[in-house]
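Here's the structure we're looking at; comments come further down.
Since every read-out is calculated from the coordinates, none of them should be taken as a lab result. Here the structure is a predicted model, which means the values were calculated and not measured. Cβ: placed from backbone, ideal geometry, glycine included. Neighbour counts: every protein chain shown.
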Amino acid sequence: MSIDRSSSKTPILNATREFYAKDTLPCIEDEYGFQTWYHGTGISASQHPDQRHIPEEEVYCNQCGSPEVLMIAWQWCVHPFSGDQYYDSEVWCPHCQSFSSFSYAEN
Ligand SMILES: [Zn+2]
């Protein structure tokens, strides 16, 4: 189990490619791809409505390392049979203007 990380100058995850350009609110809850996603123009991890599931130590820019990033997508779930946890997230960094994703699967 490990966290996959990448960064880009354009949105990375399918959810952010779909929603980021159209979003007008910092963070909304939405059904997308049979999962519950939070997406928006961006909100700090400490203000996020699903903050209890967010590993804040993992929330930083993959490009410049800044922790002062805005979460623009977040999805977390537990597999109904195995109990394994999964999440996908993307942040935007105002310091270096980059998008960073991080994803985790507990198996
Ligand atoms: Zn950055």
Original post:
Are there any pairs with C-beta distances below 6 angstrom linking a residue in the stretch 17-43 that is under 16 Å from TRP76 (Cα atoms) to a residue that is in a strand (DSSP E or B) and of a type in the set (Asp, Glu), with the two at least 6 apart or on different chains, and if so which?
Top reply: TRP37/ASP30; TYR38/GLU29
Original post:
When residues of the stretch 67-83 are filtered for being out of contact with any Phe, Trp or Tyr (no Cβ under 6 Å at 6 or more places or on another chain), surrounded by 14 or more Cβ atoms within 10 Å (Cβ to Cβ) and over 16 Å from SER46 (Cβ atoms), how many remain?
Top reply: 1
Original post:
Would a scan of the stretch 20-30 turn up a residue that is part of a strand (DSSP E or B), surrounded by fewer than 20 Cβ atoms within 10 Å (Cβ to Cβ) and hydrophobic (A, V, I, L, M, F, W, C)?
Top reply: yes
Subject >> In the stretch 47-65, the residues that are within 12 Å of the ligand (Cβ to nearest atom) and surrounded by fewer than 16 Cβ atoms within 10 Å (Cβ to Cβ) >> reply: CYS64, GLY65
Subject >> Selected residue (only one of GLN75, GLN97 is touching a Leu at 6+ places or on another chain (Cβ under 9 Å), in contact (Cβ under 8 Å) with a residue 24 or more places away in the chain and under 22 Å from LEU25 (Cβ atoms)) >> reply: GLN75
Original post:
Would you say SER100 is hydroxyl-bearing (Ser, Thr, Tyr), surrounded by 13 or more Cβ atoms within 10 Å (Cβ to Cβ) and more than 18 Å from SER8 (Cβ to Cβ)?
Top reply: no
